[in-house]
1. Go through the range 540-563 and give me each residue that's assigned to a loop (DSSP other than H, G, I, E, B), surrounded by fewer than 23 Cβ atoms within 10 Å (Cβ to Cβ) and modelled with pLDDT of 85 or more.
2. Six or more apart or on different chains, Cβ atoms under 6 Å: show the pairs whose first residue is in the range 129-154 and assigned by TED's automatic domain parsing to the domain that holds residue 219 and under 18 Å from residue 22 (Cβ atoms) and whose second is surrounded by fewer than 16 Cβ atoms within 10 Å (Cβ to Cβ) and at pLDDT 85 or above.
3. So how many residues does the range 370-416 have that are buried (at least 16 other Cβ atoms within 10 Å of the Cβ) and in a strand (DSSP E or B)?
4. For residue 620, are the conditions met, namely being touching a strand residue (DSSP E or B) at 6+ places or on another chain (Cβ under 6 Å), in contact (Cβ under 8 Å) with a residue 60 or more places away in the chain and either on the phi > 0 side of the Ramachandran plot or not assigned by TED's automatic domain parsing to the domain that holds residue 299 (or both)?
5. Listed residues 651, 562; which is in contact with a helix residue (DSSP H, G or I) (Cβ under 6 Å, 6 or more places away or on another chain), farther than 29 Å from residue 191 by Cβ and free of Cβ contacts under 8 Å to residues at least 60 places away in the same chain?
6. Right, residue 525: farther than 30 Å from residue 180 by Cβ and either without any contact (Cβ under 8 Å) to a residue 40 or more places away in the chain or in contact with a strand residue (DSSP E or B) (Cβ under 6 Å, 6 or more places away or on another chain) (or both) or not?
7. Any residue at all in the range 838-857 that's closer than 24 Å to residue 759 by Cα, in a helix (DSSP H, G or I) and in contact with a helix residue (DSSP H, G or I) (Cβ under 9 Å, 6 or more places away or on another chain)?
8. If we scan the range 685-692, do we find a residue that is farther than 24 Å from residue 304 by Cβ and assigned by TED's automatic domain parsing to the domain that holds residue 854?
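The values are calculated or read from the model by the stated rules, or taken from the named source; none is laboratory data. Bear in mind that the values here come from a model prediction, so they are computed numbers and not experimental data. No Cβ is skipped: glycine too gets one built from the backbone with ideal geometry, and neighbour counts run over all protein chains shown.
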């Protein structure tokens, strides 16, 4: 058992205190110390956790109550009905096993997220051991080791930095911040600072993008921030999806229904009609089996699978089948900002030049000095494929130049760089010197406005270059402040000309400069994101932004997207630091008023998701970083990013966006609503049909009629139930599906008028089948009782089968007329109904088949009665729907 490591706020301590606490020095550890600590603390890797076998995952699929009921029904069927029951049992078992196998296949391996975290670790690290720098396997690192960092490295463990030369580390996967963090050892960091504000720390699996540094390792393995996330991920509660909850509720309803039907039927048979107890039990079990829609699990799986195919074509890859339907019930979409709502690409948005504030797409002259300076004082490289490589801020400036026909690579051929002063965190400036065609030298300087303005003596305006005044400086600072309020990242540009190459000292190069402009950049919102937010709100879904980025940036983007109304003066932004000050109970009282959360940690994201779930809301959470993984797993549906997302976030997700686009989520929500509606239609169809079968036999038993045999029920359930039910599962979405409020967690398959429809439609079918059977009995076309009974049995069988096929058209909408919804707008439906009809007819008209099914040939007049009785179902339901619409019940159900 490894010893626990210290979890101190090393970022608040000076380096001497850090080294003392870790019992180390700047020279690092000796090999013997490192070996001893490795034995004490264990290797620098993440715990694998307990793995479940494929067989265990397969068995988990059988824990569903509906599946258990079906298995019990199959067993009882064999016990009471012998070989006839065996056929029914085999069908049920095949359906159940296929359903379980598909579930295991679709969900994949649950350990994928932890495995992805492990694979992200840096394989080698440069560490100071025995006074020398050597490369060691990152697994062998221990607290107290001193590690070197440079651009391109992956940070191998959490460390307190002790040296930083222009060091920038990209921590987006941990913090969500869109630009690399500039490390500053002189900063005083508060104890409650979030990860993104701990500028003297470097964290495992983050990437060094610029400069170099050195640090002492404070924590390794599961004690790092990434390890903490891995622990949260392993312990995160898997939330039951609304679909699973609805199916469990349906299973309970059917269980009670089956038990009641079986008990009543047994009592009537034995005590009213005088049947032998065994015969009464067989009849009761036959009715119970008839009441259970054994095809439902398979139909739900098929409908969900077809939904996944549709979503895949629309850039949404579903990893877990129930996620398709869960999307449709989503009430809250908690979205990460960077890369989902925004482009994840720094872009120039404003340029202040010669007293004018220009938009990014305004025309610029090639001799524009602000444009030249931002491209010259820039270390961006261009690879062979033309891709810009470098700091995101600098690549944005070069791209801006390219967009205005200024190709800095070509310009540098005639005006080469001959000297430079690299950026550092003390000066906050970068300068380059270029030889011009006339023999003079251009000094180009860019940097932080507050630092650069101190070194400016002149200003370039519409009339030329002149001395800068206090009024000019006030105007520049006011413009800078106005741009900052829009959450723009601002740089100032200045320049001067020299006759010779100046001495490469800051006081020489970066003084006596001419102010030429301000450039404002931002990671802009996606063009389609604002419309997607509007559609989400119209659909009754509340979009929430949860990001590790700065408060001002988050608020500005939220207002531009419409998450926060532009004119809203109330405070709708909450920070991680403020969240730390509240208990869960206190946060639960106030969380609803906030639509934006900034500078948050992984724990904060989980708390926010759980707060909404505690209110009974269905929450979808998007994310792309390691820090998002626990909340992705906790949410009702976790949505990972396919392009920018880490393998960790994808592994913890239920669905992955192939295009990292928030608008795609809204498309998926629409598909999810359609899927639920279609599953609801399939259930309405199956249960109303099964109710008709049960009621028909039950009431026929009371009348002393033998209406249907077990083989008839089995065949109807297999053919006329299954094909139309699957076809209903791919019905097009009804109009206005995205203008209704979300169903939410409290709704069920029986809501929206479905329960009432099942009852009255089941009763109509029962009355029509019994009516046709009675007509055959009282209007015989043969003399013998056996022939009369055979005709009546055949007509009842044909009517029950055909009436269900006709009824499938009724179920296209709970309240709307089938002629409004569309008779032929579903290709699968168009051929499944005729196919089922032909199979049904084959059992009656083909010699041999009719003997197996104990049916006889019918006359034309008898067929006419069957057809009229069946199509009356359509007429009766259309009348009821018309009355319901006139009473406004269709509007109440929305």
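1. Initially, the range 540-563 is screened for residues assigned to a loop (DSSP other than H, G, I, E, B), giving 540-541, 547-550, 562-563.
From what is left, the residues that are surrounded by fewer than 23 Cβ atoms within 10 Å (Cβ to Cβ) are 540-541, 550, 562.
Once the filter is applied, which keeps residues that are assigned to a loop (DSSP other than H, G, I, E, B), surrounded by fewer than 23 Cβ atoms within 10 Å (Cβ to Cβ) and modelled with pLDDT of 85 or more, the range 540-563 yields 540, 541, 562.
2. 129/31; 130/30; 130/31; 131/27
3. 2
4. Values: touching a strand residue (DSSP E or B) at 6+ places or on another chain (Cβ under 6 Å): yes; in contact (Cβ under 8 Å) with a residue 60 or more places away in the chain: yes; either on the phi > 0 side of the Ramachandran plot or not assigned by TED's automatic domain parsing to the domain that holds residue 299 (or both): yes.
Yes: the conditions hold for residue 620.
5. Details: 651 fails: free of Cβ contacts under 8 Å to residues at least 60 places away in the same chain.
Answer to the selection: 562.
6. On the way: farther than 30 Å from residue 180 by Cβ: no; either without any contact (Cβ under 8 Å) to a residue 40 or more places away in the chain or in contact with a strand residue (DSSP E or B) (Cβ under 6 Å, 6 or more places away or on another chain) (or both): yes.
Against the criterion (farther than 30 Å from residue 180 by Cβ and either without any contact (Cβ under 8 Å) to a residue 40 or more places away in the chain or in contact with a strand residue (DSSP E or B) (Cβ under 6 Å, 6 or more places away or on another chain) (or both)), residue 525 does not qualify.
7. Going residue by residue through the range 838-857, those that are closer than 24 Å to residue 759 by Cα are none.
No, the range 838-857 contains no residue that is closer than 24 Å to residue 759 by Cα, in a helix (DSSP H, G or I) and in contact with a helix residue (DSSP H, G or I) (Cβ under 9 Å, 6 or more places away or on another chain).
8. Yes.
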